[in-house]
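One structure below.
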Amino acid sequence: MDSVERGVIAVEMNRRVHSVGRGGLPNTSGQVELDAAWMEGSQLRAGGVAALRDILPAVSVARKVMEKTPHVLLVGEGAEGFARQQGFRPQRLLTKESIRLWREWKRNQASSGASGSGHDTVGVIGWHKGHTIVACSTSGLPWKLPGRVGDSPIIGAGLYADDQAGAAVATGIGEEILRFSVTSRVVEAMRRGASAQNACEGVIRFMIRRKPETTKTMVAVLAVRKDGQCGVAATRGVFSAYIRKDKRITELRS
Ligand code: ASP
């Protein structure tokens, strides 16, 4: 868990990444709202935060939700209050650059609502002797409506883990991922015996068959099966995942 958390935090703290944590692009009213979550595959414990403002690292608050409360998801002011209670101090999530980009968007605001580009989620799956754990974090779609929650903190959409099958995490347009319960489908396919790669590809193919417009949007999913085998697939373009094993890092492409 600590390694997975460190991996996610490294991205949350990187102000040059405009889709996660500090430096993440804000919503229409210029506020950054973070979504993050965990799930572990042994007891199916899970915890998440949604539309969390002014607190970092969101993934660590989500971990506390999993470890310290009987709940799975805290949102908005409730999530922020809980974080403060747990000792997290308010922080500024906006950076000079993210404010500049927001102002620029405001000026050119041709269309309202979320944009189709500039989004991303950091998702990390940990595997150790058949035990799986997954965490993810994002600032969601840039220029989203205040209060919009994506797939990332929703169990079965943005992430899922069950040691009896494997774990999966998604990135891309959250509304599409939510509509199709993407990670839950991938894990269920692995439970039925599919390889991690076939499970990811099968779910993406199903999405495109069921809703052909999906090819116009970006959705990617990566999975680790209970035996440690990995897979990745995306609706468009090439999506890369990175596998770190015994200090060696290899790239896995969709
Ligand atoms: N899935 C995220 C969201 O919709 C964004 C992304 O991963 O690109 O909030």
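The values are calculated or read from the model by the stated rules, or taken from the named source; none is laboratory data. What you are looking at is a predicted structure, and each value in this text was computed from that prediction instead of being measured. Here the Cβ is made from the backbone with ideal geometry for all residues, glycine too, and neighbour counts use every protein chain on show. Note: accessible area is taken over every heavy atom of the protein model, side chains too, but ligands, DNA and RNA are not part of it. Shrake-Rupley method; radii C 1.70, N 1.55, O 1.52, S 1.80 Å.
Here are some notes:
- Extension gain, Asn108-Ile249: 0.36 nm per intervening residue step, less the Cα-Cα distance, totals 46.6 nm.
- Here Phe82 sits with roughly 20 square angstrom of accessible surface, probe radius 1.4 Å.
- Ranked packing of 12-23, 151-162, 125-136, most packed first, by mean Cβ within 10 Å: 151-162, 125-136, 12-23
- Burial ranking of peptide ranges 208-217, 55-64, 38-47 (average Cβ count within 10 Å, highest at the top): 55-64, 38-47, 208-217
- Value of D in µm² per second that Stokes-Einstein yields for the chain, Kirkwood Rh from Cα pairs, at 20 °C (1.002 mPa s): 120 µm²/s
- Share of carbon and sulfur in the accessible area of region 1-142 stands at 48%, probe radius 1.4 Å.
- Under the simplified labelling scheme, the Met1-Arg179 pair shows an inter-label distance of 3.6 nm, with each label point 7 Å from Cα along Cα→Cβ.
- Here region 73-184 is treated with +1 on each Lys and Arg Cβ and -1 on each Asp and Glu Cβ, and its dipole about the Cα centre works out to around 620 debye.
- Rolling a 1.4 angstrom probe over the protein heavy atoms with all chains in place gives the chain an accessible area of 47 Å² per residue.
- Shown is the FRET efficiency for Ile99 and Thr69, computed with R0 = 51 Å from the Cβ-Cβ distance and rounded to the nearest 0.05: 0.95.
- Entry note, the chain: the mean residue ellipticity at 222 nm calculated from DSSP H runs of n ≥ 4, each adding -39500 (n - 2.57), is -9000 deg cm²/dmol after division by the residues and rounding to the nearest 500.
- Cross-link check: pairs Lys144/Lys216; Lys96/Lys144; Lys129/Lys247; Lys64/Lys144; Lys106/Lys144; Lys64/Lys226 evaluated at a Cα-Cα cut-off of 23 Å; pairs beyond the cut-off: Lys64/Lys144; Lys64/Lys226.
- Label-to-label distance, Ile208 versus Arg236, with points set 7 angstrom from Cα along the beta-carbon direction: 1.2 nm.
- This model, with +1 at the C-beta of Lys and Arg and -1 at the C-beta of Asp and Glu, gives the chain a dipole about its Cα centre of some 460 debye.
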